[in-house]
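K.L.:
Handing you a structure now.
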């Protein structure tokens, strides 16, 4: 596994890279604002660090991109932004582009305030699933032809109206993401997966901790052969379908309340112990270098 850190234009990226000396970095990449990344790309061009782009994008209307939604005014420019991100990755010798599955609802999003709201009725799931599968297979081929790995990330089943740190995780909204079963289908077709442990665990809404953990372990094992990227995340109660991005020094990680807890993280990572083609990082709200070193210790225990 190649351990790295998350970087973005405003998160003290240069100092974090120089302090951690990571094998890889993942850039939070807003495809709607490509000029924001000129400095990061220029700096990384002179290193041997593997670089991945975590795709995000919004249309001029403020809608989160959605390449499978049955409205060409949304789907066509969304696909264009995704292809442009792959082109940018290839031009800057990035190793992967990571995307999220589409949603059955349109979302209005503001990346500055980190607010979202549902902005449409739910589209037909069966039709959208078929479109998403075909779009992803096409994007996968497009990326491969340019020497870039496309990964599709596991996502939570629910969300909240705000993505801000300290948000109320009990204020739940259902954005109806394309379900995990479709990602498993794509995995069987050879599409690479990004397994965010906290996101995957958030696909089970239950008070039964054992059921949530078993789902996370079984799904991780199923996806292992095509997993190329791991986000070392976890959730804490309530297990209500909403993810939880926090630091690996949170005391809850030493207890059975966290899924996965530190012991279980090591158990999951054991599945990847011999893999040298997997990138891994933590996505904390802050203290990226500290979390990099904490992740190092967990990996060393495997």
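The values are calculated or read from the model by the stated rules, or taken from the named source; none is laboratory data. Here the structure is a predicted model, which is why all the values come from computation and not from measurement. Cβ placement follows ideal geometry from the backbone for every residue including glycine, while neighbour counts extend to all protein chains displayed.
K.L.:
In region 126-159, what residues are surrounded by fewer than 20 Cβ atoms within 10 Å (Cβ to Cβ), part of a loop (DSSP other than H, G, I, E, B) and under 17 Å from the mean Cα position of the chain (by Cα)?
P.N.:
Selection gives 158 alone.
K.L.:
Output the number of residues of region 214-267 satisfying the condition of being within 17 Å of the chain's Cα centre (by Cα) and under 24 Å from residue 150 (Cα atoms).
P.N.:
Adding up the residues that qualify gives 16.
K.L.:
Sticking with this one: Out of the residues in region 221-246 that are assigned to a helix (DSSP H, G or I) and in contact (Cβ under 8 Å) with a residue 40 or more places away in the chain, which is surrounded by the most Cβ atoms within 10 Å (Cβ to Cβ)?
P.N.:
Step one: list which residues in region 221-246 are assigned to a helix (DSSP H, G or I), which gives 221-226.
Next cut, in contact (Cβ under 8 Å) with a residue 40 or more places away in the chain only: 221, 223-224.
Details: 221: 12, 223: 21, 224: 16.
Among those residues, the one meeting the criterion is 223.
K.L.:
Specify which of the listed residues (187, 210) is over 19 Å from the mean Cα position of the chain (by Cα) and part of a helix (DSSP H, G or I). Outline the logic, then answer.
P.N.:
Numbers: 187 fails: over 19 Å from the mean Cα position of the chain (by Cα).
One residue alone meets the criteria, 210.
K.L.:
Something else now. Residues in region 270-296 that are modelled with pLDDT under 95 and within 24 Å of residue 241 (Cβ to Cβ): how many?
P.N.:
2
K.L.:
Out of all the residues in region 95-120, which are in contact with a helix residue (DSSP H, G or I) (Cβ under 8 Å, 6 or more places away or on another chain), free of Cβ contacts under 8 Å to residues at least 60 places away in the same chain and assigned to a loop (DSSP other than H, G, I, E, B)?
P.N.:
106
K.L.:
Here's something else I'd like to know. Among the listed residues 249, 218, identify the single one that is within 17 Å of residue 281 (Cβ to Cβ), at pLDDT 95 or above and surrounded by fewer than 16 Cβ atoms within 10 Å (Cβ to Cβ). Reasoning before the result, please.
P.N.:
Working: 218 fails: within 17 Å of residue 281 (Cβ to Cβ).
After ruling out the rest, the residue left standing is 249.
K.L.:
Among the residues of region 10-37, which ones are surrounded by 17 or more Cβ atoms within 10 Å (Cβ to Cβ) and either at pLDDT below 95 or not in a loop (DSSP other than H, G, I, E, B) (or both)?
P.N.:
Matches in region 10-37: 13, 16, 17, 20, 24, 25, 26, 27, 28, 29, 30, 37.
K.L.:
Also: Based on what the data block shows, is residue 267 touching a helix residue (DSSP H, G or I) at 6+ places or on another chain (Cβ under 8 Å) and modelled with pLDDT of 95 or more?
P.N.:
Working: touching a helix residue (DSSP H, G or I) at 6+ places or on another chain (Cβ under 8 Å): yes; modelled with pLDDT of 95 or more: yes.
The answer is yes for residue 267.
K.L.:
Would you say residue 225 is over 24 Å from residue 300 (Cα atoms) and at pLDDT 95 or above?
P.N.:
no
K.L.:
Hey, can you tell me all the residues within region 38-60 that are assigned to a loop (DSSP other than H, G, I, E, B) and touching a helix residue (DSSP H, G or I) at 6+ places or on another chain (Cβ under 9 Å)?
P.N.:
47, 49, 57, 59, 60
K.L.:
Can you name the condition, by its number, that residue 198 falls short on among (1) touching a residue at least 40 places away in the same chain (Cβ under 8 Å); (2) over 22 Å from residue 82 (Cα atoms); (3) in a helix (DSSP H, G or I); (4) more than 18 Å from the chain's Cα centre (by Cα)?
P.N.:
(4)
K.L.:
Taking region 109-125, which residues are surrounded by fewer than 16 Cβ atoms within 10 Å (Cβ to Cβ) and over 15 Å from residue 183 (Cβ atoms)? Don't jump to the end; show me each part of the working.
P.N.:
Quick first cut of region 109-125, residues surrounded by fewer than 16 Cβ atoms within 10 Å (Cβ to Cβ) only: 110, 112-115, 117, 119, 121-122, 124-125.
Selection gives 110, 112, 113, 114, 115, 117, 119, 121, 122, 124.
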